[in-house]
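Enquirer: Submitted below is the structure of interest, expressed as structure tokens.
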């Protein structure tokens, strides 16, 4: 690859954070780490939390322009991530950059791009380049030269859009942990990944490409083991593993065994598919503090079919029983606002979990995320949403807004009683009666708004 000297890329991330999160988000750090391997390219990082303090688009644009100073317009790229919670701010920053005279290339990637079909130029008219899919290798190739390149997953504004997804060799990706891109000093909580993608086709989920499955891929085992050793030698006390389905990775049991062998004393939160839990995995986690997070969504066949998420309930029952018997923390998540769902059917899903004494039961509203099957098929189910960057389904053919509010109140009651849920739906209803839906939990761009 011919590298143009004195090129510069400014990577910008508008991220949603919690108090205990690292100040550099994992996805952004992975991109920065990959970019810093390019010889002759200056890499600048600008990661801004959108929910901790107000962010002024004009100030952000000025900051970017300052970082671009001293570099010819042809030799500077600004790469920005597009996420639902930062969509409005992103649009404002793009407009400000062009209004203030920025003439370099603007590159946009992230979920809002990856799960969109043709027509991105209409949504982001200021952008020159769009990257769909895993961005590390594609962004490295773009940053290395000012020349036009044909790269899988990269769409140049004004050209025919093939809507392809970029690919990355996860085995060769450098680690943001091992390189220090995410400092561990004083960091008690981290988010970590060992794989990407999901083999299932859930219609509500952005872990899959629009219209097809996103192939599951694992990071290099040597890197994974080195990161485990680093975490175990540090003060990390809690790790939230971001893998969509941790227990279906070929290395899952080995990862837990490595943590156990290295004497990890912290907590591991793992997103798992209940039906595919194995005795081997439970045994590998013996002696570790685990929290198993099971996505159930619904117990009803018609709703499962509508969202393309089948649950083998006898196997789910077995997984929950084994977690209870072994004394392993676990939680289950449901979704309300589903196609074919009614208030009664949602309550039955809740009662099913209460009967099994699930310690933490969570219920989330259905979001019509860009490019998902339900987003594309909303008319089929008569789904009516709240609008905005994170449209929440409030009505459908089988439930009205009053039903939705009652489901949302039950969700609030579940939140209030986590770790000590009542045994019956009637008791939960009594708690829910005095509660109001708190949209802050689900729609970060509208803090404090009630519905």
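Here, each number is a calculation from the coordinates, and none is a lab measurement. Small disclaimer: the values here were computed from a predicted structure and weren't measured. We place every Cβ from the backbone using ideal geometry, glycine too, and count neighbours over all the protein chains shown.
Enquirer: Using only Cα atoms and rounding to the nearest 10 degrees, what angle (0 to 90) does helix 343-355 make with the longest principal axis of the chain?
Expert: Rounded to the nearest ten degrees, it is 80.
Enquirer: Between segment 409-431 and segment 84-116, what is the separation of their alpha carbon centroids in Å?
Expert: Going from one Cα centre to the other spans 41 Å.
Enquirer: Here's another thing I want to ask about it. Any idea what angle helix 26-35 forms with the longest principal axis of the chain, computed on alpha-carbon atoms, 0 to 90 degrees, nearest 10?
Expert: Value to nearest ten degrees: 30.
Enquirer: While we're on this one: Hey, got the Cα dimensions of segment 7-156 along the principal axes, in Å, largest first?
Expert: Each principal axis gives a Cα extent; for segment 7-156 these are 40, 34, 32 Å.
Enquirer: Stretched out fully, how many nm does the piece from residue 402 to residue 66 gain, at 0.36 nm a residue minus the Cα gap?
Expert: The residue 402-residue 66 span can extend by a further 115.9 nm.
Enquirer: Another question, then. FRET efficiency for residue 146 and residue 221, Cβ-Cβ distance as r, R0 = 41 Å, nearest 0.05?
Expert: According to the calculation, E is roughly 0.65.
Enquirer: If I take every Cα pair under 8 Å that is 6 or more residues apart in segment 7-156, average their sequence separation and divide by the length, what percent do I get for the relative contact order?
Expert: RCO, segment 7-156: 27 percent.
Enquirer: Suppose R0 equals 22 Å. What FRET efficiency, 1/(1 + (r/R0)^6) with r the Cβ-Cβ distance, do residue 160 and residue 376 give to the nearest 0.05?
Expert: Values: r = 21 Å, r/R0 = 0.97.
The formula returns an efficiency of 0.55 here.
Enquirer: Please report 113, 129, 151 as a ranked list, fewest other C-beta atoms within 10 angstrom at the top and most at the bottom. All intermediate terms of the calculation are to be shown ahead of the outcome.
Expert: Numbers: 113 26, 129 22, 151 18.
Result, fewest neighbours first: 151, 129, 113.
Enquirer: Oh, and also: Over all pairs of distinct alpha carbons, what does the Kirkwood formula give as the hydrodynamic radius of the chain, in Å? Could the numbers behind the result be given before it?
Expert: On the way: mean 1/r = 0.0427 Å⁻¹.
It is 23.4 Å.
Enquirer: Which residues in segment 140-158 place their backbone N less than 17 Å from a point set 7 Å from the Cα of residue 74 along the Cα-to-Cβ direction?
Expert: 143-149
Enquirer: Okay, moving on. Sorted from fewest to most neighbouring beta carbons within 10 Å, what does the list 31, 219, 65 look like?
Expert: 65, 219, 31
Enquirer: Compute the FRET efficiency between residue 20 and residue 261 as 1/(1 + (r/R0)^6), taking r as their Cβ-Cβ distance and R0 = 30 Å, and round to the nearest 0.05. Please report the intermediate quantities before stating the final value.
Expert: Numbers: r = 27 Å, r/R0 = 0.88.
The formula returns an efficiency of 0.70 here.
Enquirer: Among 79-85, 318-324, 184-190, how do they line up from the highest to the lowest mean number of other beta-carbon atoms within 10 Å?
Expert: So the order, starting with the most tightly packed, is 79-85, 318-324, 184-190.
Enquirer: How tilted is helix 87-99 with respect to the longest principal axis of the chain? Cα atoms for both, answer in degrees (0 to 90, nearest 10).
Expert: Roughly 10 degrees, rounded to the nearest 10.
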